[in-house]
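Trainee: The structure that follows is given in the form of structure tokens.
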Amino acid sequence: MALTTASLTGSVATSAANVVTGTGVFDDLMETVVKHLEAQFQLGRITGTDYATVYLGALQSAIQQAVSYTVAMEKTNSEVTLLNQKYITEYVQTGISSTGTAAATSTMGKQQALYTEQAKGFQWNADQKYLKTLMDAWSINVSTAGVAATNVIAINATGTGGLNDQITAAKPD
């Protein structure tokens, strides 16, 4: 965001007594500086040409502080805008406005469900490959030996963890 004169000073007016007023940050600082300078001048602490020197230094300091303050506030405003957008983004991702588990209908909830289903799919694929290996071994055994019984317990119809058990276990959830 660009720094403009309008963000430092606004509605500047000069009264009949030559008092300058305005609504900007710089205007507020200068009104205070001038009142303090006038008080010191009236007390005799600032005299003659010293008044101009002190006024110039105060003017430079006031404009520097006004610019610093205005820039800091515009950075602050941008940060608030960014944080508000981040809140919206986080809400869309999680579906919750406070701490907790992401809602199932949110982006993260749907992503978690997808990961769970993918993990099931990988396990099912591994089970199917193992089952195919067992079925191939059983088929070879039957075609060469003429009987379904072998020394591989998982292939034997009556053995623990037999082929029927393997087929049942290989079904997806």
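Trainee: If packing is taken as the average count of other Cβ atoms within 10 Å, what order do 40-47, 10-17 fall into, highest mean first?
Mentor: In decreasing order of mean packing, 40-47, 10-17 become 40-47, 10-17.
Trainee: For Lys110, which aspartates and glutamates qualify as cross-link partners when the Cα separation must be under 20 Å and same-chain residues fewer than eight apart are set aside?
Mentor: Glu90, Asp173
Trainee: Quick check: pseudo-label points 7 Å beyond the Cα along Cα→Cβ at Ala137 and Gln40, how many nm apart are they?
Mentor: For Ala137 paired with Gln40, the spin-label model returns 9.7 nm.
Trainee: Treating cross-link reach as a plain straight distance, find the aspartates and glutamates whose alpha-carbon is under 18 Å from the alpha-carbon of Lys132, omitting any fewer than eight places away in the same chain.
Mentor: Lys132 reaches Asp165.
Trainee: Karplus couplings for the range 109-115 from phi (6.51 cos²θ - 1.76 cosθ + 1.60, θ = phi - 60°), rounded to Hz, Gly and Pro as x?
Mentor: x, 5, 5, 5, 5, 4, 4
Trainee: Per q in 0.13, 0.16, 0.18 1/Å, what log10 I(q)/I(0) does a Debye calculation on the alpha-carbon atoms of the range 1-129 return?
Mentor: With one equal scatterer per Cα and no solvent, log10 I(q)/I(0) is -0.74, -0.90, -1.01.
Trainee: Moving to a separate point now. Please find the FRET efficiency linking Leu82 to Thr49, where r is the Cβ-Cβ separation and R0 is fixed at 45 Å, and quote it to the nearest 0.05. Can you show the working numbers first?
Mentor: Values: r = 50 Å, r/R0 = 1.11.
According to the calculation, E is roughly 0.35.
Trainee: Could you give each residue of the range 117-133 its phi-based ³J(HN,Hα) in whole Hz, using Karplus coefficients 6.51, -1.76, 1.60 with θ = phi - 60°, and x for Gly or Pro?
Mentor: Using θ = phi - 60°, the values come out as 5, 5, 4, 4, x, 5, 5, 4, 4, 5, 4, 5, 5, 5, 4, 4, 4 Hz.
Trainee: Also, I was wondering about something else. Using modelled backbone amide H atoms (1.01 Å from N, in-plane), which distant-in-sequence or interchain residues come within less than 5 Å of Gly24's amide H?
Mentor: Gly10
Where a number appears in this text, it was derived from the coordinates with a stated rule and is not lab data. Remember, it's a predicted structure, so these values are computed and weren't measured experimentally. As a convention, Cβ positions derive from the backbone with ideal geometry for all residues, glycine included, and neighbour counts pool all protein chains shown.
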